[in-house]
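The values are calculated or read from the model by the stated rules, or taken from the named source; none is laboratory data. Just so it is clear, the model here is predicted, and its values are computed rather than measured. Cβ placement follows ideal geometry from the backbone for every residue including glycine, while neighbour counts extend to all protein chains displayed. Ligands, DNA and RNA are excluded from the accessible area calculation, which covers all protein heavy atoms including side chains. Shrake-Rupley method; radii C 1.70, N 1.55, O 1.52, S 1.80 Å.
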Amino acid sequence: MIPIKSFSERRRLLASQMQKGVAVIPTAAEQLRNGDAHFPFRFDSYFYYLTGFREPEAVLVIVADSDGGGSRHILFCREKDTEREIWDGFRYGPDAAREVFKVDEAYSIAGLDEMLPELLADQPAVYCLLGNDAAWDARVIGWINRVRQQSRSGITVPAEIRDLRFLLDEMRLFKSREELQVMRRAARISGDAHRRAMQKTRPGMSEYEVEAELLCEFRRHGAQAPAYTPIVAGGANACVLHYVENNARLNVGDLLLIDAGCELDGYAADITRTFPVDGKFSSAQSDLYQLVLAAQAAAINEVRPGNSWDAPHSAAVRVLAQGFIDLGLCLGSVDKVIGSGDYKRFYMHRTGHWLGLDVHDAGEYKQGGEWRPLQPGMTLTVEPGCYVSPADNVPPHFWNMGVRIEDDVAVTETGCEVLTSAAPKTVAEIEELMQHRGK
Ligand code: GLY
Ligand code: MN
Ligand code: MN
């Protein structure tokens, strides 16, 4: 768990980087699914990053002074309500929330529209997450207009609306020791879930039965949810990059690609493993698999401080391009296959993304038009793959195979730490594990 004082420190750090003004950060809205049923509530990542508060219907306001020092942290949340709590469960209410979450002030969310124009009066700027939610943006403008209505009494209106992301994304990009501890645990649970999937998979099962094993492993270790919809893709389904139906039969001779990770206390893990349904790689499967594994090793080897964000991707593409030539999937020299983009027939996505509170986490990939250098604390995925759909000029023994291998990696002072090593990865490890899985 992230200690509460870390959330206050983040708010203070944010305020010290703001010019004089007021930041307004709501949590996510509850979403109706159908009828009276809601989607499971998930707090907004920015709001949670600054508060640790998990209830719906809450807004954080930070009033920052230009001297960079003083700032006022105000939480709006649901009031205590004995009747509603019988139906929906515990809620903190402003008084307890102020104590527990160490904000300066806390008020009922019902008072938001009344208080915001007062808080924005005579302030030069409003900071918000522009474009996140059109209805929310309109509400912010409504408060500014309310201030404007008082301008004849000498009150000044905020002259600027600034996007808070420029400051917050950069903060979120660098994970603290405490964040890395949570991410290690999320990675461990997710790695164990992949191991369990390998142990439970049998020919004749359905993809959803394997998905159930993953979800079971997530929940029984306290992860609140999957971090994204799991992909459990047997055979040709692995060539559909965002396949989520997960309802086909698993056949002898097919590979199974699983992309699944849990969310623990807000932090995501994101792991992909690919293994044979019957526990033994065929020769063609092994060729493709070992190629992707070599590409991943080359990419992980490039994850160190000072290297460009693009270095792992370039390394993976070079290994894959050479392999595609060696396996008869591409023709010509490595430079030509890379230069022409011919390799993209089999590898059409990039090799990773930032990872954190969001599975595709906040943070710029370029600075001043250049790929940014990797720095300690950044956390990313390394996920090369190879997807072969049937085509005239493609050797048929590779048709309908999809392989991806994805690990989560934190940049350290000297290199990197692979967070997801609990999930078996080499051909020998996978075959050994699956051979001993019993009937
Ligand atoms: N699971 C999402 C991704 O790999 O980017
Ligand atoms: Mn990923
Ligand atoms: Mn993934």
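Numbers below:
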| read-out | value |
| --- | --- |
| Identity of the residue in the range 308-322, over 22 Å from the mean Cα position of the chain (by Cα) and either of a type in the set (S, T, N, Q) or under 20 Å from Thr412 (Cβ atoms) (or both), that ends up surrounded by the fewest Cβ atoms within 10 Å (Cβ to Cβ) | Ser314 |
| Residue selected from the range 369-400 under the condition open to solvent by less than 20 Å² (accessible area, probe 1.4 Å), part of a loop (DSSP other than H, G, I, E, B) and among the hydrophobic types (A, V, I, L, M, F, W, C), by the criterion nearest to ligand 3 (Cβ to nearest atom) | Met378 |
| Residues that are in a helix (DSSP H, G or I), touching a strand residue (DSSP E or B) at 6+ places or on another chain (Cβ under 8 Å) and farther than 29 Å from Asp95 by Cβ, drawn from the range 120-140 | Asp137 |
| Lone qualifier among Met348, Met434 - being surrounded by fewer than 22 Cβ atoms within 10 Å (Cβ to Cβ), within 16 Å of ligand 1 (Cβ to nearest atom) and either in contact (Cβ under 8 Å) with a residue 24 or more places away in the chain or closer than 20 Å to Ala193 by Cα (or both) | Met348 |
| The range 401-421, subset open to solvent by 20 Å² or more (accessible area, probe 1.4 Å) and in a loop (DSSP other than H, G, I, E, B), residue nearest to ligand 1 (Cβ to nearest atom) | Ser421 |
| Pairs, first part of a loop (DSSP other than H, G, I, E, B) in the range 353-368, second more than 10 Å from ligand 2 (Cβ to nearest atom) and open to solvent by 20 Å² or more (accessible area, probe 1.4 Å), C-beta under 8 Å, six or more apart | Ala362/Tyr46; Ala362/Arg165; Ala362/Asp169; Gly363/Asp169; Gly363/Glu170; Glu364/Asp169; Glu364/Glu170; Tyr365/Trp371 |
| Residue in the range 344-355 that is in contact with a Pro (Cβ under 6 Å, 6 or more places away or on another chain) and within 16 Å of ligand 3 (Cβ to nearest atom) present | yes |
| Helices (runs of 4 or more DSSP H) (entirely within the range 13-119) containing at least 2 residues that are surrounded by fewer than 20 Cβ atoms within 10 Å (Cβ to Cβ) and of a type in the set (Gly, Ala, Ser) | 93-101 |
